[in-house]
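Presented below is the structure to which this report refers.
Read the figures in this text as sums done on the coordinates, not as results from a lab. Worth saying up front: this structure is predicted, and the values here are computed from it rather than measured. In this analysis, Cβ positions are derived from the backbone assuming ideal geometry, glycine residues included, and neighbour counts consider all displayed protein chains.
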Amino acid sequence: MSDQHCPGFEANKSLSEVTVKCPDCGKEQEIFSDELGKQVKCKGCDSLFDSTACKVE
C-alpha cells in the first residue's frame, strides 16, 4: 500500500503555527505562518487586527 496524502499536502507541510495576540482584548490565538501579514479576526471579541504587528515572540 502506498503512502497517500490529501491533495495539497506537499504545499502545506512547511507551514508552522504562529501565536498572535489581539490588541483590543488580549486573547491569544494560533494562525498558520502563511496568514502572517493578513487581517485576522479575533476569536474573543471579533475585531480585525494585523497579524504581523501582533505576533507573540
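General observations
- Among K38, K13, a tally of other beta-carbon atoms within 10 Å of each Cβ gives an order, fewest to most, of K13, K38.
- With the simple spin-label model, which puts each label point 7 Å out from Cα in the Cβ direction, the C25 to A53 separation comes to 2.0 nm.
- Treating r as the C-beta distance of K38 and E17 and R0 as 22 Å, the FRET efficiency rounds to 0.90.
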